[in-house]
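Notes follow once the structure below has been shown.
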Amino acid sequence: MATEPGAPGPSLSAAAPSGVDGVEARPGVPKPDPVLVVDGLRKTFDGITAVDVDHLEIPRGLITALIGPNGAGKTTLFNLLTGFEQLDAGTWSFDGRRLDGHAAHQIARLGMVRTFQLTKALRKMSVMDNMKLGAIGQRGENFFAALLPFLWSAQEQVIADRALALLERFNLHHMQDQYGGSLSGGQRKLLEMARALMAEPALVMLDEPMAGVNPALVESLLDHVRGLRAQGMSVVFVEHNMDVVMGISDWIVCLAGGRVIAEGTPESIADNEAVIDAYLGTRES
């Protein structure tokens with residue numbers, strides 16, 4: 001459910017839902033209420049397999065971390081699921097609806113949005129205009145309707161109010177008139193996350209949200225990710241910082257060589273030999 005402009009943000013102290021209690025820690029394990037289901041997803045580049053996922057279910061309403069060594073296929077999997085890459089084989093569904101073959105903008109309109117490892121803020125547009133671009137169903141985007149402001153001016157004000165409320169939530173309201181290019185790397189990450197919420201998504205996919213962020217802003221970003229969960233959204237994020245992964249995740253999926261080699265809670269993944277060998281290094285004797 002969308003938050004009304006100006007309404008207080010979600011409580012960050014809310015406990016995580018128990019949607020994975022009792023779920024077995026193994027690759028491809030079914031979940032009680034998955035928001036995203038992947039079957040037989042394949043992608044190769046010049047004969048090299050980047051993604052080869054037999055079955056994967058993402059639990060609803062939780063924070064799921066996607067980990068793995070460099071080249072494991074994490075970002076490629078993100079790109080496939082969000083329509084930025086075309087798959088070679090397989091199917092996947094979001095909230096019970098098959099979306100393989102859909103374009104990126106169609107997927108976003110259906111409630112599944114993503115951010116990028118390298119932020120996509122439009123540098124020569126103001127922070128506020130960057131935010132407004134994230135809203136969907138804007139009547140003024142139609143060429144003929146754009147000539148008749150009375151058809152969309154009221155909606156434009158609602159969008160501006162929502163954008164300002166989100167900028168306040170992400171502590172960027174004081175920069176609303178500045179160019180996107182004037183923000184620091186961490187502030188651009190915050191802007192991209194805030195802009196994604198303009199689409200009122202059910203699932204948010206974050207590609208390395210902490211990469212290149214000043215340590216002073218990391219905790220703020222983590223609080224905002226927790227806030228998404230507290231607001232009822234599902235979150236999937238790619239991250240290399242294992243302290244972050246273990247501290248914020250409800251469920252973890254580990255990729256290696258494009259395959260899912262392990263799934264489980266943070267506690268089970270920390271002791272998983274396949275993960276240690278593939279990603280964390282050799283276990284000490």
Checklist entry - Hey, does region 174-181 have a residue that's closer than 19 Å to LEU118 by Cβ and surrounded by fewer than 14 Cβ atoms within 10 Å (Cβ to Cβ)? => result yes
Looking at VAL113, is it over 20 Å from VAL236 (Cα atoms), at pLDDT 90 or above and crowded, with 19+ Cβ neighbours inside 10 Å? no
Residue pairs within 8 Å by beta carbon, gap of at least six or interchain, first lying in region 75-92 and on the phi > 0 side of the Ramachandran plot, second assigned to a strand (DSSP E or B) and surrounded by fewer than 18 Cβ atoms within 10 Å (Cβ to Cβ), listed first then second, are GLY90/ASP39; GLY90/GLY40; GLY90/ARG42
Whether any residue in region 105-124 is without any contact (Cβ under 8 Å) to a residue 12 or more places away in the chain, under 27 Å from ASP33 (Cα atoms), touching a strand residue (DSSP E or B) at 6+ places or on another chain (Cβ under 9 Å) and not basic (Lys, Arg) is what I want to check.
no
Of the residues in region 121-137, those that are charged (D, E, K, R) and surrounded by 15 or more Cβ atoms within 10 Å (Cβ to Cβ) come to ASP129, LYS132
Out of (1) among the small types (Gly, Ala, Ser); (2) in contact with a helix residue (DSSP H, G or I) (Cβ under 9 Å, 6 or more places away or on another chain); (3) touching a residue at least 12 places away in the same chain (Cβ under 8 Å), the one ALA146 does not meet is (3)
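Here's the yes/no breakdown for (1) assigned by TED's automatic domain parsing to the domain that holds LYS43; (2) modelled with pLDDT of 90 or more; (3) more than 20 Å from ASN171 (Cβ to Cβ); (4) basic (Lys, Arg):
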{"position": "GLY212", "(1), (2), (3), (4)": "yes, no, no, no"}
{"position": "HIS224", "(1), (2), (3), (4)": "yes, no, no, no"}
{"position": "MET233", "(1), (2), (3), (4)": "yes, yes, no, no"}
{"position": "TRP251", "(1), (2), (3), (4)": "yes, yes, yes, no"}
{"position": "GLY258", "(1), (2), (3), (4)": "yes, yes, yes, no"}
{"position": "PRO266", "(1), (2), (3), (4)": "yes, yes, yes, no"}
{"position": "ASP271", "(1), (2), (3), (4)": "yes, no, yes, no"}
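The values are calculated or read from the model by the stated rules, or taken from the named source; none is laboratory data. For clarity, every value in this text was computed on a predicted model and none was experimentally measured. Glycine also receives a Cβ, built like all others from the backbone with ideal geometry; neighbour counts cover every protein chain displayed.
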